[in-house]
1. Can you tell me how the stretch 91-244 classifies by the Cα gyration tensor, rounded, prolate or oblate, using a/c under 1.5 as the rounded cut?
2. If you average 1/r over every pair of different alpha-carbon atoms in the stretch 16-110 and take one over that average, what Kirkwood value in Å do you get?
3. Give the residues of the stretch 158-174 whose amide nitrogen is closer than 19 Å to a point set 7 Å from the Cα of Asp33 in the direction of its Cβ.
4. Under 5 Å between amide hydrogens, which residues at least 5 positions from Leu72 or on another chain qualify, with H placed 1.01 Å from N in the peptide plane?
5. When a/c is below 1.5 the answer is rounded, else prolate if a/b is larger than b/c, else oblate, so apply that to the chain with a ≥ b ≥ c taken from the square roots of the Cα gyration tensor eigenvalues.
6. Against the longest alpha carbon principal axis of the chain, how many degrees, from 0 to 90 and to the nearest 10, is the axis of helix 210-222 turned?
7. For Ser126 and Ala226 in the same chain, what is the full-extension length gain: residue separation times 0.36 nm, less their Cα-Cα distance, in nm?
8. Counting only other residues whose beta carbon sits under 13 Å from that of Gly147, what net charge do I get with K and R as +1, D and E as -1?
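Every read-out reported here was derived from the displayed coordinates using simple, explicitly stated rules and does not represent laboratory data. Here the structure is a predicted model, which is why all the values come from computation and not from measurement. Positions of Cβ are backbone-derived with ideal geometry, glycine not excepted, and every protein chain shown enters the neighbour counts.
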Amino acid sequence: MGQMPTPGPGQKVAVSSVRQTPQCLVFSVAVGDRKVAVKAFNARWADNKSACAREIQCQRALSTTTLTPLILGAAPDQLLVVTHWQEGPSLADVIDGKSVVTWARRLGQWYRSFSTAMGQQDASGSWHDYLARYHDKGVARAFRPHGAFLRSLPIRHKGIAKNDAHLTNFIVSPDDRLMGIDFEAASLKPVAWDILLTARVLTMQFPDAADTTLPALLDGWYGGEAPEDEAEFRAFVTLFARTTAKIDLGGRRDRRP
């Protein structure tokens, strides 16, 4: 890990609020030419300790990569996480109709690297079984006509998923790196769950580009490999994105394994 900036004699400390949600407050702290981001979870939020622990777990697992700003310190008892301050706009402010295919591929590559860094474990069952137990019953109902197809798609591995595909949770650095932030929703999920959620977000925001965006996302995810059920999973991603894009999943994230 890096080191926290410590003010010297006569140095001023500048603190600025970055964003606030019901779950947390993020602010920057600058000392001289050093700057950090501090994430403080809401002490009144029922899930605050678990969310803080998930954030720390992911940040530490990624600390030897360039997938996220470097974690500098954490105080779970005080619900605080401190990371290097990363300059750059959010992906949501950069992506547009002309660049969405390129960014979709890069998102697929990012999630592939993230999944590798977080590790995987063996699993069993099918995507039919998993979606049938989804917390939003509207999702289960929407996929009932596709039961036979979903039963043919096995879930072979699980791993920690970011479980939050909002494009505001990615920063594009000045040297053009894609960096993920905000991991409090992370959860043990079937591998490629993040790809499904990202396909849904991209389809909702760029519906006319889905025929090119979703293949690019999966090209990035597969990284040139061709597993035996690739064609079937590509079809499933398109089905999931187009089906769930019509459903309001609300703000509650499904954290069931």
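1. Prolate.
2. Roughly 14.9 Å, rounded to one decimal.
3. 174
4. Here the answer is Val82, Thr83, His84, since their amide H atoms fall under 5 Å of that of Leu72.
5. Since a/c reaches 1.5 and a/b is larger than b/c, the shape of the chain is classed as prolate.
6. Approximately 70 degrees, to the nearest ten.
7. This chain segment gains 34.0 nm when fully extended.
8. Taking every other residue near Gly147 into account, the sum is +2.
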